[in-house]
Amino acid sequence: MPINSNSIAKNTMLLYIRMIILMLVALYTSRIVFTALGVEDFGIYNVVGGVVVVLAFLNGTLSTASSRYIVVALGEGDKKHMSKVFFNVFLLNALLAIIIVVLAETVGLWFVCHKMQIPIERYNAALWVYHLSVITIVFNILSIPYNASIIAHERMKAFAYITLFDALAKLALAFIIQEIALDKLITYALLLMFIQIVDRIIYTRYCLRHFEETHLRYSVDKRLLKEMMQFMSWSSYGSFVSVGFTQGINILLNLFFGPAVNASRSIAVQIQNNVLHFINNFQTALNPQLMINTSSKNYMDVQKLLITGSKFSFYLLCMLGLPIISETHIIIKCWLGAVPDYAVSFCRIILVTSFIGTLANPLRSINQAQGDIKKFQLYECSVLLLIIPVSYMLLRQWEIPILVFYVHLAIELIAQFIRLAIVLPKINLSLNLYFKLVYVRILPVFILPMIPVLLINNTMNEGIYRLVINIFCIEISLGVLIYFIGLSGNERKYIKSMIKKKIHA
């Protein structure tokens with residue numbers, strides 16, 4: 001499959017537009033729902049539904065595995081094999097859904113009934129929410145193969161339209177529960193489940209109409225199922241480690257410093273997540289071509305996609321992350337009204353660590369497409385787990401909260417070298433060439449825009465005017481640096497030709 005830069009650019013733009021609209025609608029919807037339900041019922045819905053989400057922790061792993069096998073099958077171009085892969089992926093999802101239902105209606109239900117603090121007068125409503133949430137998660141799991149097919153075929157327009165329908169339907173639901181006289185919590189959970197089911201039906205119908213392989217034809221392949229389960233087991237190890245060290249950091253901070261420091265970390269993580277959502281849109285558009293070309297062993301194209309994708313992900317993060325790093329204090333102050341202790345320093349170091357994670361994601365996609373993920377997961381995850389014991393030993397010596405985040409940054413750097421050492425030989429790319437084509441170009445783009453920021457911050461008092469001036473200087477500097485240093489000669493030629501086409505169109 002040849003590289004299609006126009007497709008990546010178009011799909012990225014669609015996903016960005018989708019995300020901006022979804023964020024605005026979601027923020028407004030959350031406000032209305034919170035007002036309509038009240039503090040108690042809103043809390044019950046989130047905590048009870050959260051139990052089901054915890055039980056479905058393999059959901060993300062299964063989504064990764066589904067995407068990997070469907071994309072690879074699509075790259076091979078054998079329709080019969082694609083149909084078999086889809087059926088076995090669906091079968092694996094169905095088996096997981098059954099396991100989750102059994103766990104949810106035994107262990108999970110026991111936990112809700114006997115361990116959770118629920119007001120007695122809202123006990124029945126909480127049970128309704130719980131059972132409806134179980135039904136919802138089952139439909140979500142069964143739709144994973146269909147979602148993966150849409151992304152594999154790069155039909156991002158359909159993906160964007162369906163998710164926009166979902167957001168607008170939830171907004172309408174928020175207005176409905178304001179007016180009804182029935183139990184608002186139960187009605188909200190019931191109608192939300194109905195919206196999720198309608199979403200799943202739309203996804204399924206779209207796939208059945210456009211993709212022949214999504215018509216289920218019985219074709220159990222024990223070897224393929226075994227391979228997918230092995231892939232999932234190592235992928236699950238990665239999910240477990242990710243949850244382990246992120247929650248471990250939270251626990252360490254709580255043990256040594258108390259909940260106030262946890263709140264500061266939570267603020268920093270919320271900012272990080274919102275920034276990374278924008279980068280993930282680009283990488284979502286990039287991944288199908290990256291994985292298809294990897295599975296087809298078109299290594300020259302994979303090298304180009306890896307180098308270009310890594311650089312552009314990094315540049316996008318610079319455009320969003322550097323202004324926040326430069327003016328973290330005023331941004332948090334405008335958002336929350338007050339700035340908790342450590343929130344500024346936590347946010348800055350977490351965002352710097354995110355730059356490494358952005359470069360890691362394309363490497364993970366290539367490794368997943370190769371299929372043999374055992375070595376990658378074992379080495380990467382084992383190193384990342386060191387964050388907790390190393391942080392604990394340092395905190396025992398010096399009780400300084402930010403030490404945890406410096407440890408995280410240092411170990412992420414080590415993990416990145418491990419990822420490169422494992423993945424680059426698979427696509428016949430030398431480490432020296434990768435450094436020359438990626439790191440030599442991105443580091444000046446990351447460092448140099450902060451020089452005028454330091455000068456401005458030393459000569460102006462903090463405020464909105466300084467914030468605007470810093471953002472302007474950073475974005476102008478980034479534009480110039482990316483064009484003249486960050487891009488290769490061929491990339492500059494491509495951009496010039498695209499601009500000329502747009503002007504003469």
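The values are calculated or read from the model by the stated rules, or taken from the named source; none is laboratory data. The shown structure was predicted, so the numbers you read here are calculated from the model rather than taken from an experiment. Note that we place each Cβ from the backbone using ideal geometry, even for glycine, and neighbour counts take in every protein chain shown. Quick note on the areas: whole protein, heavy atoms, side chains included, nothing else; ligands and nucleic acids left out. Shrake-Rupley method; radii C 1.70, N 1.55, O 1.52, S 1.80 Å.
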> For region 367-432, which whole-number percentage of the solvent-accessible area (1.4 Å probe, protein heavy atoms only) is attributable to carbon and sulfur atoms?
Replying inline: 64
>> Order 126-133, 466-473 from most to least packed using the mean count of other Cβ atoms within 10 Å.
In response: 126-133, 466-473
> Just how far, in whole angstrom, is region 254-270 from region 143-205 if you go by their alpha carbon centroids?
Replying inline: 33
> How would you order 292-304, 63-75, 433-445 from highest to lowest mean count of nearby Cβ atoms within 10 Å?
Replying inline: 63-75, 292-304, 433-445
> What FRET efficiency do you get for Lys493 and Ser345 if R0 is 45 Å and r is their Cβ-Cβ distance, rounded to the nearest 0.05?
Replying inline: 0.60
> Whole-Hz Karplus ³J(HN,Hα) for region 402-417, in order, using 6.51 cos²θ - 1.76 cosθ + 1.60 and θ = phi - 60°, x for Gly and Pro?
Replying inline: 5, 4, 4, 6, 5, 4, 4, 4, 5, 6, 4, 4, 4, 4, 5, 5
> Taking the alpha carbon gyration tensor of region 454-505, what are the square roots of 5 times its eigenvalues, largest first, to the nearest whole Å?
Replying inline: 33, 14, 5
>> Per residue, how much accessible surface does the chain expose to a 1.4 Å probe? Answer in Å², no decimals.
In response: 49
>> If the reach is capped at under 17 angstrom between alpha carbons, list the aspartates and glutamates near Lys500, excluding any in the same chain fewer than eight residues apart.
In response: Glu491
> Points 7 angstrom from Cα along the Cβ direction at Glu179 and Met229: gap in nanometres?
Replying inline: 5.2
> Carbon and sulfur together cover what percent of the accessible area of region 173-301 at a 1.4 Å probe radius?
Replying inline: 62
>> Could you give each residue of region 126-137 its phi-based ³J(HN,Hα) in whole Hz, using Karplus coefficients 6.51, -1.76, 1.60 with θ = phi - 60°, and x for Gly or Pro?
In response: 4, 5, 4, 4, 5, 5, 5, 5, 5, 4, 4, 5
> What share of Cα pairs, in percent, lie more than 31 angstrom apart in the chain?
Replying inline: 52
> Once both labels are modelled 7 Å past Cα along the beta-carbon direction, what's the Leu216-Tyr483 spacing in nm?
Replying inline: 5.4
> Hey, what number do you get for the chain at 222 nm if only DSSP H runs of n ≥ 4 count, each worth -39500 (n - 2.57), divided across all residues, to the nearest 500?
Replying inline: -28500 deg cm²/dmol
> Hey, which of these cross-link pairs are over 26 Å Cα-Cα: Lys170/Lys311; Lys79/Lys501; Lys157/Lys493; Lys297/Lys501; Lys226/Lys374?
Replying inline: Lys170/Lys311; Lys79/Lys501; Lys157/Lys493; Lys297/Lys501
> For Lys80, which lysines qualify as cross-link partners when the Cα separation must be under 18 Å and same-chain residues fewer than eight apart are set aside?
Replying inline: Lys222
